[in-house]
Amino acid sequence: MLASMKPKQRKFSIGYLALALIAVLAFQIPLFGSRAANVSYSEFKALAKKGKVSNLTLDKETISGTLSTDGLETLLSKEKLEELKRLGDGPHRFVAARVEDPGLVAELEQANVKFAGHVENTWLATLLSWVLPAVVFAGVWVLLMRRFGPQQGLMAIGKSKARVYVEHKTGVTFDDVAGIDEARGELMEVVDFLKNPDRYRRLGGKIPKGVLIVGAPGTGKTLLAKAVAGEAGVPFFSLSGSDFVEMFVGVGAARVRDLFAQAQEKAPSIIFIDELDALGKARGVSPIMGGHDEREQTLNQLLAELDGFDTQKGVMILAATNRPEILDPALLRPGRFDRQVVLDRPDLRGREKILRVHVRDVKLAPDLDLSLVAARTPGFVGADLANLVNEAALHAAREGKEVVDGVDFDEAIDRVVGGLERRSRVINPKEKEIVAYHEAGHALVAESREHADRVAKISVIPRGVAALGYTQQQPTEDRYLMTRAELLDRLDVLLGGRVAEELVFGDISTGAQDDLQRATDMARHMVARYGMTEALGLATFEPPRQALFLNVPSMAQREYSEETARRIDDEIRKLFEAAHERVRKTLTAKREVLTSLAKLLIEKEVVSRDDLMALLASAEV
Ligand code: ADP
Ligand code: ZN
């Protein structure tokens, strides 16, 4: 489906060259094939005197020309005459070896014989001394290029077309991407702009340059980007960030430059950069001295291109990542990827819609209920569901059935889940319950703390690689200053999940690891960096950020005593204990709401702020 723009390597072998050389040689030697009679110099002189030769060519070493056909008897020996006869009738060419004879020219003039000199032909010498080495050199070059491939060849630098993919018509529309209503609305504007760049130009409106599509692998980021191109009817140029990882310095940057040049030439068009994180990881401390020069150069080039090109031309840049948090902040500044579209793992309804897209070309049993299939596949992303439909159809085919029925889907689910479980991406009902209480705990603590951000959405659908569920809070904008009270409330919210698990199950799971990590970091900062505890006062103890050598932090970095380190740890523990106690109180008081929120989560998978407000309101009466 992807049309590679990689130019076909011209087959250019030394064999062909040799053949050509021989052909040229054959052409240049006229003596091949035409036979001439050899005469002695004295015979030639006699013939010349009688005017029996014409068209003479005087060479350095030979004299050649045409011989008359008659009156030769008296001038040539019997053997020569016979030889001439054997060569046939008509005028003959002859050759005579030249001897030292200064009077020759005068004699020829006297006999009124026409003659010409001959310029030494040096083409062969030229060829040998100049062309041949060049040919050999070229041959060696070609061999080397073959052996090391175009990527490593010196010539490849700057020739970036190799891994730029272009599809002139993606043929994908928004109808092919299901369950993305939010993202769709956001991207309709982009489509509209690409369709009518002139209108936007005239109005002078500010058009977004880049849209970052964020979502777990398989949630349809690439598909969505292609759909934007398909809806707008513009060419789709794409490039994957991971392609740059093992490249020579300079190649990646050249490639990016080229990609933008090509896309601008074909504007309106879309540039899609997959796995932006591979290329756009935050710069900074490099694990190894020198670091990823290549990646940095490529990233710098990308930033330069983003800044340099003019949206008015109608080029839109889409990029995909599943790890927005590690992106270099420079990429997210206004005028770059200043818009974000998040593709969540689909919920129950979303999964059903995606299934409908993929069963379009599958013959289904009339009694098959896709909503039941959707209900059995929590955690599946679009790619998993596409795979599921395919597996079910294959199963039906193996069984020799006419239509795909529920049994086929059951078998396929088991199969796909088996594969996914190994990659730990599917949650079983018990896990789902734990996740539901955990997230409900975060949400309720957040709602009961004055300084915490309000809850926007709670989900028990796995997101990203590690998180099994999440509680999203608004506003999510970056804060530059935070008060102690705000930090403490944040700490409480982070602990909410873990404490809820303790209360409900009397046991705790590994799921809170990320929360605890973040809580610990936060507590440590409060104590050691911001001077927010009384015991240690205003002094800060954070060591300056040091360069890591081979990823091993050096041991001699600490600038404070063991005693201070112990006091810092003590203070962190105290902060934690106090927070734990506060959260425990809060959640014990709200135990019933906690249960009903968790139940709602298990049922609906995603709970919006409105749902949450309704639940809290009904609990208060
Ligand atoms: P990503 O780029 O996020 O890893 P892809 O766009 O490559 O995911 O998705 C892989 C495949 O999964 C798509 O080609 C499509 O068949 C299917 N798919 C993913 N999301 C959806 C969706 N929302 N609707 C329909 N099909 C989807
Ligand atoms: Zn949590």
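Just a few scattered comments:
- Stretch gain in nm, segment Leu372-Leu124, where the contour uses 0.36 nm per residue and the Cα spacing is subtracted: 80.9 nm
- Straight-distance candidates among the aspartates and glutamates for linking to Lys266, with alpha-carbon spacing under 13 Å and chain neighbours fewer than 8 residues away dropped: Glu167, Asp258.
- Separation between Cα centres of region 182-211 and region 431-458, rounded to whole Å: 36 Å
- Fewest-first ranking of Met532, Met188, using other Cβ atoms within 10 Å as the exposure measure: Met188, Met532
- Length released on extending from Thr595 to Lys85, taking residue separation times 0.36 nm less the Cα-Cα span: 171.2 nm
- Between Glu61 and Phe137, the FRET efficiency estimated from the beta carbon spacing at R0 = 45 angstrom works out to 0.85.
- FRET efficiency, Ser68 to Ala106 (Cβ-Cβ, R0 25 Å, nearest 0.05): 0.70
- Pairs from the table (Lys195/Lys226; Lys226/Lys363; Lys226/Lys432) lying more than 23 angstrom apart at Cα are Lys226/Lys363; Lys226/Lys432.
- Cross-link partners for Lys313 among the aspartates and glutamates, with Cα-Cα distance under 13 Å and sequence neighbours closer than 8 places in the same chain left out: Asp198, Glu265.
- The label-point distance for Ala383 and Ala18, in a model that sets each label 7 Å from Cα toward Cβ, rounds to 5.0 nm.
- Taking the fewest neighbouring Cβ atoms within 10 Å as the starting point, the ordered list for Phe576, Phe409 is Phe576, Phe409.
- Per DSSP, loop GluC sites (Glu not before Pro) in region 165-273 with at most 14 further Cβ within 10 Å: Glu246
- Cα→Cβ-extended label distance, 7 Å offset, between Arg415 and Ala304, nm: 5.1 nm
- Neighbour-count order for Ile413, Ile508, fewest beta carbons within 10 angstrom listed first: Ile508, Ile413
- Region 348-418 - Rg over Rh from alpha carbon coordinates, Kirkwood radius: 0.92
- Each of Glu486 and Ser242 was given a label point 7 Å from its Cα along the Cα-to-Cβ line. The distance between the two points is 3.8 nm.
Values quoted throughout were computed directly from the atomic coordinates according to the rules given, and no laboratory measurement underlies them. Quick caveat: nothing in here was measured; it's all calculated off a predicted structure. With ideal geometry, Cβ positions are generated from the backbone for all residues, glycine too; neighbour counts draw on all protein chains shown.
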